[in-house]
Amino acid sequence: VRDQIDIADLAQWMIDEKITVWHSVPTVFRFFVRTLKEVKYFPDLRWVVLGGEQVIEHDIQDFRRSFPNAVLVNLYGQSETSFNSAQYFHSDDSFEKITLGQPVDDTELLVIDQSGVEVPMFGIGEIVVASDYVAPGYWKNPEKTKQVFMEDRSLGRVYLTGDLGRRLLDGTVEFMGRKDFQVKIRGFRVELGEIESKILIYPGIREVVVTARDYGDNTRYLCAYLVTDTEVIINELRSALQQVLPDYMIPVHFITLEKMPLTSTNKIDRKALPVPTATIKTGVEYQAPERDIEKRLAELWARILKLDAAGIGTRDSFFDLGGNSLSIMELTRLVNEEFATNFKILDLFNYNTIELMAPLIDRPEEDDLIIEDTDIQIFEI
């Protein structure tokens, strides 16, 4: 897609086009509000709809600051059930807690324990959706259908979401995370086992565990832990995974271990897996930044990718260091702010190292730099 709106220009485009509804996952919303260097007035915007992943209090604060005339909707739902409930926020409303809100008509949210009995007030259990509009099952997958879909005499069609919730006094449900190893990354539902199976195909890898970690701002990323028979070049592994997995399913960090930590019952102890360090080895010979612009770019990359700037070489690819579709937008914004240039998202695909990017930023007046006609498209967000 060659005519995508650049994230830095999106706010003015929304105003000019009289956009009335914003609908995205919260992660994209957070990136967008960071581009608002000054308070923007969106006279036509009526709804800010967020769904697909957990809404946090900071999202509500950003909404109130930037969209005083709109209504924020926190949607809860799954592909199997469309959407089930919603919580609404006006800019001047006070609220005590972010919940899943009120169910839509003909839909009920239950919170049950492992035996299928509703948990007491404030108890934590699995969220179950009861509705005549639940999907009939998974296409040509009767075993998986049987695990999560069922018919109840009094409730009708029922779907077990795998989400954990807590019933509150006002009848709403507070989201408490997942009960299995399925996680949400940038709004996409990700099965960690699927990623592990793709990594195990790569030669030399004997064991792998993929986990989801948190940067500390409710933004999650994937980390892969490997036990290998031979040395694995991470950038080559990442390139291989890009052929079989979408961008959001490729781990940011790959950590090689001598052996997996085990519990007393010989199961993998996920809590004992080490926290990723602030450096990533891409397999490219390290070349330290020398010029001032190279050092400043390394600092920007480090801030976005949550890495140590001292470990970023001028020949390391932004993508091999963990760059993805959202961090591309963030890098574009910060580069343009820092250097008063007109760096575009598509530029990063051809100038994805500091060694290549620095000369381009040094010569912003040269608009005749040609972007090769490749098949690369902006990643879905």
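The values are calculated or read from the model by the stated rules, or taken from the named source; none is laboratory data. Computed from a predicted model, the values in this text were never measured in an experiment. We place every Cβ from the backbone using ideal geometry, glycine too, and count neighbours over all the protein chains shown. Only protein heavy atoms, including side chains, enter the accessible area calculation; ligands, DNA and RNA are left aside. Shrake-Rupley method; radii C 1.70, N 1.55, O 1.52, S 1.80 Å.
A few comments on the model shown:
- To the nearest ten degrees, helix 57-66 and the longest principal axis of the Cα atoms of the chain are 70 degrees apart.
- Subtracting the Cα-Cα distance of ASP180 and ARG315 from their residue separation scaled by 0.36 nm leaves 44.7 nm.
- Positive-end residue of ILE250, ILE293, ILE98, charge dipole of the chain with Cβ unit charges: ILE98
- Couplings 3J(HN,Hα) of the stretch 49-55, computed from phi: 9, 10, x, x, 7, 6, 8 Hz, in residue order, whole Hz [Karplus 6.51 cos²θ - 1.76 cosθ + 1.60, θ = phi - 60°; x for Gly and Pro].
- Peptide packing for 177-186, 26-35, 114-123 was compared via the average number of neighbouring C-beta atoms within 10 Å per residue; ordered from the highest value, the list is 26-35, 177-186, 114-123.
- Protein accessible area in the chain, 1.4 Å probe - carbon and sulfur %: 49
- When HIS253, HIS58 are compared by accessible surface with a 1.4 Å probe, the order from highest to lowest is HIS58, HIS253.
- Computed from Cα positions, the angle between helix 325-339 and the longest principal axis of the chain comes to roughly 40 degrees.
- Estimated from the Cβ-Cβ distance and a Förster radius of 45 angstrom, the FRET efficiency linking ARG189 and GLU290 is about 0.55.
- The helix-based estimate of mean residue ellipticity at 222 nm for the chain, built from -39,500 (n - 2.57) per DSSP H run of four or more residues and divided by its residue count, is -7000 deg cm²/dmol to the nearest 500.
- Set of the stretch 133-171 residues, backbone N closer than 12 Å to the point 7 Å along the Cα-Cβ line of ILE124: 164-167
- Evaluated with a Cβ-only charge set (Lys, Arg +1; Asp, Glu -1), the chain carries a dipole of roughly 1120 debye about its Cα centre, given to the nearest 20.
- In this structure, the amide hydrogen of GLY123, modeled 1.01 Å from its nitrogen in the peptide plane, lies closer than 5 angstrom to those of ARG167, counting only residues at least 5 positions away or on a different chain.
- Across the stretch 21-34, rounded Karplus estimates of 3J(HN,Hα) from the backbone phi angles (6.51 cos²θ - 1.76 cosθ + 1.60, θ = phi - 60°) give 9, 9, 9, 7, 6, x, 4, 5, 4, 5, 5, 5, 5, 5 Hz, Gly and Pro being marked x.
- Probing with 1.4 Å while keeping every protein chain in the model, the per residue accessible area of the chain equals 54 Å².
- Scoring 333-340, 283-290 by mean Cβ neighbours within 10 Å over their residues and listing the highest first yields 333-340, 283-290.
- Computed packing ranks the peptides 127-133, 167-173 as 127-133, 167-173, most packed first, by mean other Cβ atoms within 10 Å.
- Between GLN147 and GLN114, the contour length at 0.36 nm per residue exceeds the alpha carbon distance by 10.6 nm.
- FRET efficiency estimate (nearest 0.05) - Cβ-Cβ, LYS40 to ILE5, R0 22 angstrom: 0.90
- Vicinal HN-Hα couplings computed from phi for the stretch 189-202 (Karplus, 6.51 cos²θ - 1.76 cosθ + 1.60; Hz; Gly/Pro x): 7, 10, 8, 4, x, 5, 5, 4, 5, 5, 5, 5, 5, 5
- Calculated FRET value between LYS344 and THR263, using beta carbons and R₀ = 35 Å, to 0.05: 0.10
- DSSP bridge orientation in the chain - percent antiparallel, rounded to nearest 5: 80
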